[in-house]
Each structure stands twice: as C-alpha cells, then as structure tokens.
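J.: This is the structure I have questions about; it appears just below.
Nothing in this text is a laboratory measurement; each read-out follows from the coordinates by a stated rule. Values in this document were obtained by computation on a predicted structure and should not be read as measured data.
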Amino acid sequence: MQSSNKDNSKKTKLSAFMIMLLIPAMILITYKMGIRQYYLTSLMVIIMTMVPFFMSFEQRKPQAREVVIIAVLTAMAVASRAAFSMLPHFKPLIAIVIISGIALGGEAGFLVGSLSGFLSNFIFGQGPWTPFQMFAYGIAGFLAGVIFAKKDFVTRSRNKKDLLKLSFFGYLMIQLFVGPLLDICGILTLASVINLETIGAMFISGLPVNFIHGLATFIFLYVLARPLLEKIDRVKTKYGILK
C-alpha cells in the first residue's frame, strides 16, 4: 500500500513538472521565437497534455469506456461555453473542468480543460490566445484533482458547507490562476509595447472580467458539483473505470 502511494506521488510530481513547467515553457518559447502558428502550438499542447494522462495508468492502457467519459465531459464543457455565449464571461466551462479533475484525477482534469479550450474556440475563434486558454483551463482541472485527491466530494458535496468551500475554491481558481494567465496572454498578444503601464492597465481591465468569470464558476459549481459527481461516481463504480 505504501509503495502504491509512493508510485502515485511520483506520478503526480512528474505530471506537475510537465504541466506546470514544460507546457508553459513550450508556449512561451514558440511565442518568443515569433512562431505564430497557433494551431501547431495547440496541437503540441494537446500531445503534451496526453502524456501525464496516460502516465496515470500503471501497467495498462486506458479502456475505450474510460476515454469516452473524458470525451463526454469535454463535450459538456464545450457545449456549456457555447450555450452561454450571449453572456460575456459568464460561463460554466471552468466549473465542469474542476468537477472533471475532482472526479477523475488531475491529469484527466487537465486534459478536459485543454481540449475544451481548443475545441470551443472553433466556435468563438482560434488565435494566438488559444494555447494560453488551453493551459489556463487545464490548470484549473489539474489543481482541483491534486487538491481534492484525498477528499470524497461525492459524499461531502451533500454538505452545504463543503459545497460552498468547493465553490469558493472555483472562484479563487479564476482570480489567482485562470484570470491572471489570460491577462498575461493579453499582454503578450495585444500590447504593442510591454512595460509597467501596459501590464498594470491589462491587469486592471481584467478585474471585472475575472470577477464575473469567478462568480459564474462559484454559482455553477454550487449547482452542478453534487449531481455531476454522483453520476460520474456511479459510472465509475458500475464499469470499474479509472481505478
């Protein structure tokens, strides 16, 4: 049991290294080199995202049914962003990504987040911002999976206090990670000159956007977390997947 825990810990650290360091480094290097082929960069992000996901399986390949549940959650995230297109920044996407990370693990959460960012931009528009969005959305799923790895939120989500804590976690994810990462994307892709003034202006202009996005994530987590976690748990139990 101890050796299994050690193996899982090593895999999590290796996944964190790839996700937190290698992927953003690759995005920044391609930007610095003037490579604006964002489709190619997005494809590279997807490939690098799949490596930690497949590493999370020990001595076997994931079954088709395990991949299907990832695909369904990704489709839900994409559809949720499209369904609320008339409300700027008020989207359920990150809430679904966070739920995916909690239910299926950090690696799967990152995969759902990055794929939903890439696929939904076929509706909202691809551009040099796409790889940044993929990384920002993926981080929300990965950190949710890591932080809540040892917490049974299928059971605890029935408690309103725990549900509020999870919802507040989603709000903080937007304010501390997703929002600032997208603000950095704006600085790198939109600012003609990068200095303290343009950086400050971009982060200040992003405050109301991040507040609305964070509020939406809080509300949708409070509404969706319990039913979605229970349904995913029933599927995992019935088919013995992602064990």
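J.: Anyone know which of LEU93, LEU143, LEU40 comes out most mobile in the 10 Å Cα GNM of the chain?
T.: LEU40
J.: What relative contact order, as a whole-number percentage, does region 2-239 give when Cα pairs under 8 Å and 6 or more residues apart are counted?
T.: 21
J.: Rank TYR222, TYR39, TYR137 by mean-square fluctuation in a GNM of the chain with C-alpha springs under 10 angstrom and give only the top-ranked residue.
T.: In the Gaussian network model the winner is TYR39.
J.: Under a 10 Å cutoff between Cα atoms, tell me which one of GLU107, GLU197, GLU230 has the largest fluctuation in the Gaussian network model of the chain.
T.: Its mean-square fluctuation being the largest, the pick is GLU197.
J.: Next question. Would you mind checking the tilt of helix 64-83 against the longest principal axis of the Cα atoms of the chain, expressed as 0 to 90 degrees and rounded to 10?
T.: 40
J.: Distance check, please: which entries in LYS13/LYS238; LYS91/LYS160; LYS91/LYS165 exceed 24 angstrom between their Cα atoms?
T.: From LYS13/LYS238; LYS91/LYS160; LYS91/LYS165, over 24 Å: LYS13/LYS238.
J.: What value, in deg cm²/dmol to 500, does the helix sum -39500 (n - 2.57) over DSSP H runs of n ≥ 4 give at 222 nm once divided by the residues of the chain?
T.: It lands at -26000 deg cm²/dmol.
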